[in-house]
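Take a look at the structure below.
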Amino acid sequence: MDDRPLLNRRLAGLGTTIFAEMSALATATGSINLGQGFPDTDGPREIAEAAAEAVLTGRGNQYPPGPGVPELRAAIAEHQQRFYGFEYDPDSEVLVTAGATEAIAAALLALLEPGDEVIAFEPFYDSYAACIAMAGATRVPLTLQPPSFRPDLERLRALITPRTRLLLINTPHNPTGMVLTADELREIARLAVEHDLLVVTDEVYEHLVLGVAHYPIAALPGMRERTVSISSAGKTFSFTGWKVGWVTAPAPLTAAVRTAKQYLTYVNAGPFQYAVAKALRLPDEYFAGLRADLTRKRDLLSDGLAQAGFEVFRPDGTYFITTDIAPFGFKDGLEFCRTLPERCGVVAIPNVVFYDNTEAGRSLVRFTFCKRDEVLEAAVDRLSRLRPS
Ligand code: PMP
Ligand code: GLN
């Protein structure tokens with residue numbers, strides 16, 4: 001073979017995801033894994049039983065319909081109505097995907113032409129960079145700066161060019177925990193309408209808001225027709241391995257995303273789709289309980305990290321806390337995270353891998369708090385052995 005690189009130029013440099021690297025490091029070193037965001041307690045038993053029952057009664061064991069089983073599409077449409085007052089037609093405006101990850105990939109592959117520009121908040125969730133690259137488009141970062149990580153909307157306006165096709169937003173935002181306010185969303189929506197941009201909005205943490213409200217951008221004037229909204233059962237119901245996600249969007253956008261999705265996975269998670277339909281109809285107490293639980297865990301870990309010497313940026317949403325490690329005399333979060341297991345038996349995620357402007361994220365490190373209280377307490381105990389310099 002010639003010496004042409006095997007990995008194509010669009011994917012060059014993307015390597016192994018940081019989540020795989022850090023979870024493998026946690027396993028290899030027996031560390032407490034506060035890196036990759038997955039709960040250490042499964043979601044409601046009745047929902048797990050619904051999945052088992054679907055398998056045993058032959059529901060979804062063979063290829064389900066391409067757009068998702070009708071029961072789940074109806075439940076997604078109902079959920080949008082119940083929480084946000086949206087009307088989406090379950091047949092033409094709802095699409096079930098292999099997690100939000102596939103929804104993001106299918107949306108970007110369907111909607112972008114090579115050379116289009118996509119503006120997204122930096123730090124970016126890592127699959128955004130990969131999918132924009134696979135589509136041959138160009139990412140244009142709007143850097144969120146600590147301590148608040150609020151977007152500079154004047155800067156957003158300045159970043160829009162004739163080549164801008166799409167705004168990719170994420171609220172609540174991974175990894176910073178920033179939640180866009182109604183005013184910020186109104187301004188973003190105004191810019192999208194003024195410049196006739198598409199919007200893809202990743203709202204997988206929609207129910208993980210801790211003392212603030214989540215507003216979907218699709219609700220704003222002029223937005224429904226240009227917005228692809230994405231969510232997933234993984235975070236809301238603590239079943240990240242099931243990989244059931246969905247898109248809600250007007251029929252022409254849903255049809256475009258469905259075209260790409262058909263050739264990525266075609267379908268997935270047949271029996272789990274029935275269980276997620278049941279989960280979406282859980283009573284309000286379930287959603288309130290999830291928020292209360294996570295609020296307590298956020299406070300437990302934020303206070304512990306602050307006491308251990310980290311600069312803590314307390315999040316309003318998600319189950320992640322971003323910290324600055326500068327007080328420890330460290331500048332490089334990647335090096336800090338690679339050596340943390342041997343120094344104190346804890347794994348975290350270096351935010352720098354989510355930046356194009358790496359200087360902006362160099363000393364930031366993310367910890368997840370979707371773990372049992374005793375695990376969080378043990379982690380804080382271990383981290384307290386680190387000494388700020
Ligand atoms: N978007 C964001 C912001 C995420 O943090 C994640 C993963 N945790 C996803 C998308 C992917 O979700 P899923 O596991 O449903 O594919
Ligand atoms: N979204 C999860 C996180 O941010 C990880 C998902 C994954 O490993 N791709 O931790």
Within the stretch 205-219, residues out of contact with any strand residue (DSSP E or B) (no Cβ under 8 Å at 6 or more places or on another chain) and either buried (at least 18 other Cβ atoms within 10 Å of the Cβ) or assigned to a helix (DSSP H, G or I) (or both) come out as His207, Tyr215, Ala219
Out of all the residues in the stretch 243-273, which are β-branched (Val, Ile, Thr), crowded, with 21+ Cβ neighbours inside 10 Å and either within 16 Å of ligand 2 (Cβ to nearest atom) or free of Cβ contacts under 8 Å to residues at least 24 places away in the same chain (or both)? Val244
Residue under evaluation Gly289, criteria (1) touching a residue at least 24 places away in the same chain (Cβ under 8 Å); (2) among the small types (Gly, Ala, Ser); (3) out of contact with any Cys (no Cβ under 9 Å at 6 or more places or on another chain); (4) not in a strand (DSSP E or B), criterion not met: (1)
Go through (1) crowded, with 23+ Cβ neighbours inside 10 Å; (2) within 15 Å of ligand 2 (Cβ to nearest atom) and name the single condition Ala277 misses. (2)
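Looking only at residues in the stretch 157-181 that are of a type in the set (S, T, N, Q), part of a loop (DSSP other than H, G, I, E, B) and surrounded by fewer than 23 Cβ atoms within 10 Å (Cβ to Cβ), which one is farthest from ligand 2 (Cβ to nearest atom)? Don't jump to the end; show me each part of the working.
Narrowing the stretch 157-181 to residues of a type in the set (S, T, N, Q): 161, 164, 170-171, 174, 176, 181.
Subsequent filtering for residues that are part of a loop (DSSP other than H, G, I, E, B) retains 161, 171, 174, 176, 181.
Restricting the remaining residues to those that are surrounded by fewer than 23 Cβ atoms within 10 Å (Cβ to Cβ) gives 161, 181.
Working: Thr161: 30, Thr181: 23 Å.
Top of the filtered list is Thr161.
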Just checking, does the stretch 173-182 include any residue being away from ligand 1 (no atom under 16 Å from the Cβ) and closer than 20 Å to Ala120 by Cα? yes
Tell me, please, whether a residue that is within 16 Å of ligand 1 (Cβ to nearest atom), surrounded by fewer than 17 Cβ atoms within 10 Å (Cβ to Cβ) and more than 18 Å from the chain's Cα centre (by Cα) can be found in the stretch 41-51. yes
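What tally of residues in the stretch 220-244 results from selecting those that are of a type in the set (S, T, N, Q), touching a Gly at 6+ places or on another chain (Cβ under 8 Å) and part of a strand (DSSP E or B)?
Just the residues of the stretch 220-244 that are of a type in the set (S, T, N, Q), to begin with: 227, 229, 231-232, 236, 238, 240.
With the extra rule that they be touching a Gly at 6+ places or on another chain (Cβ under 8 Å), the set shrinks to 231-232, 238, 240.
Now narrow it down to the ones that are part of a strand (DSSP E or B): 231-232.
Looking only at that region, the number is 2.
Please enumerate the residues belonging to the stretch 86-107 that are among the hydroxyl-bearing types (Ser, Thr, Tyr) and either assigned to a helix (DSSP H, G or I) or within 16 Å of ligand 1 (Cβ to nearest atom) (or both). If you could, list the steps in order and put the result at the bottom.
Initial filter on the stretch 86-107 (among the hydroxyl-bearing types (Ser, Thr, Tyr)): 88, 92, 97, 101.
Thr97, Thr101, listed by residue number.
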Any residue at all in the stretch 53-65 that is assigned to a helix (DSSP H, G or I), touching a helix residue (DSSP H, G or I) at 6+ places or on another chain (Cβ under 7 Å) and within 16 Å of ligand 1 (Cβ to nearest atom)? no
Exactly one of these conditions fails for Arg139: (1) within 16 Å of ligand 1 (Cβ to nearest atom); (2) assigned to a loop (DSSP other than H, G, I, E, B); (3) within 20 Å of the chain's Cα centre (by Cα). Give me its number. (2)
Need pairs with beta-carbon distance below 9 Å; first residue closer than 11 Å to Ile349 by Cα and within the stretch 5-26, second at pLDDT below 90 and part of a loop (DSSP other than H, G, I, E, B); sequence gap 6+ or separate chains. Glu21/Gly15
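Out of the residues in the stretch 147-156 that are away from ligand 1 (no atom under 16 Å from the Cβ) and under 26 Å from Ser231 (Cβ atoms), which is surrounded by the most Cβ atoms within 10 Å (Cβ to Cβ)?
Here is the first cut: in the stretch 147-156, the ones away from ligand 1 (no atom under 16 Å from the Cβ) are 147-148, 150, 152-156.
Next cut, under 26 Å from Ser231 (Cβ atoms) only: 148, 150, 153, 156.
Working: Ser148: 11, Arg150: 14, Leu153: 16, Leu156: 18.
Among them, the one singled out is Leu156.
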Name the residue that is nearest to Leu168 (Cα to Cα), counting only residues in the stretch 226-242 that are of a type in the set (A, V, I, L, M, F, W, C) and either surrounded by fewer than 24 Cβ atoms within 10 Å (Cβ to Cβ) or within 10 Å of ligand 1 (Cβ to nearest atom) (or both). Ile230
Starting from residues that are of a type in the set (Val, Ile, Thr) and closer than 14 Å to Leu142 by Cβ, keep the ones in the stretch 182-202 and report whichever is surrounded by the most Cβ atoms within 10 Å (Cβ to Cβ). Ile188
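Out of Leu156, Leu108, which single residue is touching a residue at least 24 places away in the same chain (Cβ under 8 Å) and in contact with a Cys (Cβ under 7 Å, 6 or more places away or on another chain)?
Numbers: Leu156 fails: in contact with a Cys (Cβ under 7 Å, 6 or more places away or on another chain).
Being touching a residue at least 24 places away in the same chain (Cβ under 8 Å) and in contact with a Cys (Cβ under 7 Å, 6 or more places away or on another chain) holds for just one of Leu156, Leu108, which is Leu108.
The values are calculated or read from the model by the stated rules, or taken from the named source; none is laboratory data. Source: prediction; values computed, not measured. Reconstructed Cβ throughout: ideal geometry from the backbone, glycine too, with neighbour counts over all protein chains shown.
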